[in-house]
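Contents: one structure, followed by commentary.
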Amino acid sequence: MANRNLKIHLADAEATANLASILAQNVQSGDTVLLLGEVGAGKTHFARSFIKSLLTVDEDVPSPTFTLVQTYDTVIGEVWHSDLYRLSAEQEIEELGLFDAMIEAVCLIEWPDRLGSYTPTDALHIELTPSSTLDSRVLIAQWDDPKWDAKTKGWSND
């Protein structure tokens, strides 16, 4: 997979939200962020913070667990937030319109293992793992495409 990586300790939910907001300011259409981690690891919190930082009006940003996809019009264009946990077959990716969205919009995808052969090779992989305190997390970011070097600049490396 990725040959570039960063490991960051996030002290609390606010630190996670801040990092998501920083990333949001540096992405553009065609960028895909794959969010990995167990249930409760903070994937949806990261995505929600990312999206809220780009909205021009305060809007509810629900988890797409049951809808599979939520879309948002933001200051940088369309953002798709997908939770693929309930997908049962790879072809459902096309049925959702997600394959095209990964080309035309910014996509945040939870449970990206369900993408299978649709996994974009130029995506940023972010894995969140609970740490020593209730709200702290360890974030490991990995990528192959050099475009993410500038987009993650300013993140601190443990």
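A few notes on this one:
- Of residues in the stretch 66-121 being part of a loop (DSSP other than H, G, I, E, B) and β-branched (Val, Ile, Thr), the one surrounded by the fewest Cβ atoms within 10 Å (Cβ to Cβ): Thr121
- Residue ID - nearest to Tyr85 (Cα to Cα), chosen from residues in the stretch 45-54 that are touching a residue at least 40 places away in the same chain (Cβ under 8 Å) and aliphatic (A, V, I, L, M): Ala47
- Hey, Leu35 under 18 Å from Glu110 (Cβ atoms) and in contact with an Asp or Glu (Cβ under 9 Å, 6 or more places away or on another chain) or not: yes
- Flag if Ala141 is in contact with a strand residue (DSSP E or B) (Cβ under 8 Å, 6 or more places away or on another chain) and assigned to a strand (DSSP E or B): yes
- Hits in the stretch 55-103 - residues which are in contact (Cβ under 8 Å) with a residue 60 or more places away in the chain and touching a strand residue (DSSP E or B) at 6+ places or on another chain (Cβ under 9 Å): Met102
- Across the stretch 122-136, the number of residues qualifying as of a type in the set (D, E, K, R), assigned to a loop (DSSP other than H, G, I, E, B) and either under 18 Å from Ala101 (Cβ atoms) or within 16 Å of the chain's Cα centre (by Cα) (or both) comes to 1.
- Lone unmet requirement of (1) surrounded by 14 or more Cβ atoms within 10 Å (Cβ to Cβ); (2) touching a Ser or Thr at 6+ places or on another chain (Cβ under 9 Å); (3) free of Cβ contacts under 8 Å to residues at least 40 places away in the same chain; (4) more than 15 Å from Val33 (Cβ to Cβ) for Val138: (3)
- Among the candidates Asp60, Asp73, the residue that is of a type in the set (Asp, Glu) and either modelled with pLDDT under 95 or within 18 Å of Thr119 (Cβ to Cβ) (or both) is uniquely Asp60.
- Residue within the stretch 139-150 that is under 16 Å from Thr44 (Cβ atoms), over 13 Å from the mean Cα position of the chain (by Cα) and among the basic types (Lys, Arg) present: no
- Only a single criterion out of (1) at pLDDT 95 or above; (2) farther than 17 Å from Ala17 by Cβ is not satisfied by Glu95, namely (1).
- Verdict on Pro130 being touching a Gly at 6+ places or on another chain (Cβ under 8 Å), modelled with pLDDT under 95 and of a type outside the set (Asp, Glu): yes
- Residue within the stretch 13-33 that is assigned to a strand (DSSP E or B), farther than 17 Å from Ser131 by Cβ and touching a residue at least 60 places away in the same chain (Cβ under 8 Å) present: yes
The values are calculated or read from the model by the stated rules, or taken from the named source; none is laboratory data. This one's a predicted model, so the numbers in the text were calculated from it and none came from an experiment. Counting neighbours? That spans all protein chains shown, and the Cβs are built from the backbone with ideal geometry, glycine included.
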